[in-house]
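A short worksheet on the structure shown next.
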Amino acid sequence: MAETYHSRVYTDRPAYADFDAPAKFQAIQSIVAKHLKQHPNAICSYSGGADSDILIDVIERARGIFGLPPVKYVFFNTGLEMQATKAHVKATAEKYGVEIETVRPKVNIVQASRKYGIPFVSKIMSAGLSEWQKKGVPLSVAQEYDQAADKQTKRLELKERYPKCESVLNFLCCCNSKGEPRPNIQLVINSSKYMRDFIGEYPPDFKISAECCTYCKKNIAHQVQKDYDMVITGERRDEGGMRSVPRKDNTSMCFTETSSGQYRLRPLYYVSDADKAWYKEYYGLRYSDAYEVYGLTRTGCCGCPISYKAIADLELIRPYEPNLVKAAWNIFGKSYTYRQEYNAYKAQRMEQEKAEKKRREREKQQGVVLTETVRVAEPEAKDYF
């Protein structure tokens, strides 16, 4: 039986992660209060999304109860934002009587996408495929690795043949640097079923990269946050992707200290979708029109191809903000189309495998019936002597 690997963010979690919603949020409020007392010079990223709405409500309630100092709030405008989001940011600031500063990057989403490429499927997949495109390592290395009897020796040989390509080799071969197979983790190409075969048969005709996130959010965020002792964000483990991958600097994922001495607080890290629904109803929160009117279930970066619902979400947005939808297609259109092709390819392969499995089962059953028939037809042996 194949060994199952579980991320530390699921195995090494605090006790409150398993509490019911009321007790969990009570614990979270205490955690927020504790760390704000210890590190009052704090800044919080506010996106205008559902998680941010819960986060700011938790923080402001904790501040009110424990008499804590103000928190600096910042909204990062990538240059491709819904009017519904921008209006909600303004309304939220008025609701809590706080300032939410809008900050724009030096390199906007259009410039970053044209220069570096556009995302595809996920940040992890985008990073892996971007390196593959840059390094030029052939996909055939994966076949070599798969067919090797001694995979560790083969992995070492590939390392010598393709120097400075460690991460690409691991990504393509679905293994770690020691050559041990790791087919079920998110950091490899086949974390998306059949992706390696699809890329081989239908190579992308555009640059793939998640650097738009780096230049439109991360860089400007680091610049704005650098003078604060603690950074608060609304990341949740259940969102998946990079948020569910353990980091070198921690195990709990909720509160950590970086190498620079700055602290990171993620109060909602162990909050589930069900917990969110309870909090929204209990405290009577109203999300932005993107949720309440347009019908979106998640906002994030508007139009980002990493969302598997990007095209469907854009159609929900279209009646209200058609120009934004047009802009998103102009920027990310090739990735949208390529994902549709991948989804069709995956569905076809799955149907083929299903049909092949049925055929084999049928032949196996027929073989059993044929064997039984032969046994019945054989004449009984007689002893004539």
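The values are calculated or read from the model by the stated rules, or taken from the named source; none is laboratory data. All of these numbers come straight from a predicted model, not from anything done at the bench. Using ideal geometry, Cβ is built from the backbone for each residue, glycine included, and neighbour counts are taken over all protein chains shown.
Does any residue in the range 281-309 that is over 16 Å from Ser113 (Cβ atoms) come within less than 7 Å, Cβ to Cβ, of a residue that is among the basic types (Lys, Arg) six or more places away or on a different chain, and which pairs are these? From the range 281-309, the pairs are Glu292/Arg286.
Condition test on Pro69, is it in contact (Cβ under 8 Å) with a residue 24 or more places away in the chain, part of a loop (DSSP other than H, G, I, E, B) and either charged (D, E, K, R) or loosely packed, with under 15 Cβ neighbours inside 10 Å (or both)? In short, yes. Residue under question is Gly64, and the condition is that it be farther than 24 Å from Tyr294 by Cβ and of a type outside the set (A, V, I, L, M, F, W, C); does it hold? In short, yes.
Yes/no matrix, rows are residues, columns are (1) over 30 Å from Ala23 (Cα atoms); (2) of a type in the set (A, V, I, L, M); (3) surrounded by fewer than 12 Cβ atoms within 10 Å (Cβ to Cβ):
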{"site": "Arg266", "(1), (2), (3)": "no, no, no"}
{"site": "Ser272", "(1), (2), (3)": "no, no, no"}
{"site": "Arg286", "(1), (2), (3)": "no, no, no"}
{"site": "Ile306", "(1), (2), (3)": "yes, yes, no"}
{"site": "Ala328", "(1), (2), (3)": "yes, yes, no"}
{"site": "Phe332", "(1), (2), (3)": "yes, no, no"}
{"site": "Glu341", "(1), (2), (3)": "yes, no, no"}
{"site": "Arg362", "(1), (2), (3)": "yes, no, yes"}
{"site": "Gln366", "(1), (2), (3)": "yes, no, yes"}
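A quick yes/no check of all residues on (1) aliphatic (A, V, I, L, M); (2) assigned to a helix (DSSP H, G or I); (3) more than 28 Å from the chain's Cα centre (by Cα):
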site: Ala17; (1), (2), (3): yes, yes, no
site: Ile31; (1), (2), (3): yes, yes, no
site: Leu36; (1), (2), (3): yes, yes, yes
site: Ser52; (1), (2), (3): no, yes, no
site: Ile59; (1), (2), (3): yes, yes, no
site: Glu81; (1), (2), (3): no, no, no
site: Ala84; (1), (2), (3): yes, yes, no
site: Ala87; (1), (2), (3): yes, yes, no
site: Thr92; (1), (2), (3): no, yes, no
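Put simply, of Val98, Val121 the only residue that is at positive phi and either buried (at least 17 other Cβ atoms within 10 Å of the Cβ) or not hydrophobic (A, V, I, L, M, F, W, C) (or both) is Val121. For first residues located in the range 24-45 and among the charged types (D, E, K, R), partners that are surrounded by fewer than 14 Cβ atoms within 10 Å (Cβ to Cβ) and lie 6+ apart or on another chain with Cβ distances below 9 Å form the pairs Lys24/Asp18.
Given the criteria more than 18 Å from Asn77 (Cα to Cα), aliphatic (A, V, I, L, M) and either modelled with pLDDT of 85 or more or assigned to a loop (DSSP other than H, G, I, E, B) (or both), does Met253 qualify? Here the answer is yes, as Met253 does meet what is asked. Taking the criterion of being touching an Asp or Glu at 6+ places or on another chain (Cβ under 9 Å), in contact (Cβ under 8 Å) with a residue 24 or more places away in the chain and more than 22 Å from Asp197 (Cα to Cα), the only residue of the range 136-165 that qualifies is Gln152. Among (1) within 30 Å of Lys326 (Cβ to Cβ); (2) at pLDDT 95 or above, where does Val110 come up short? Failed condition: (2).
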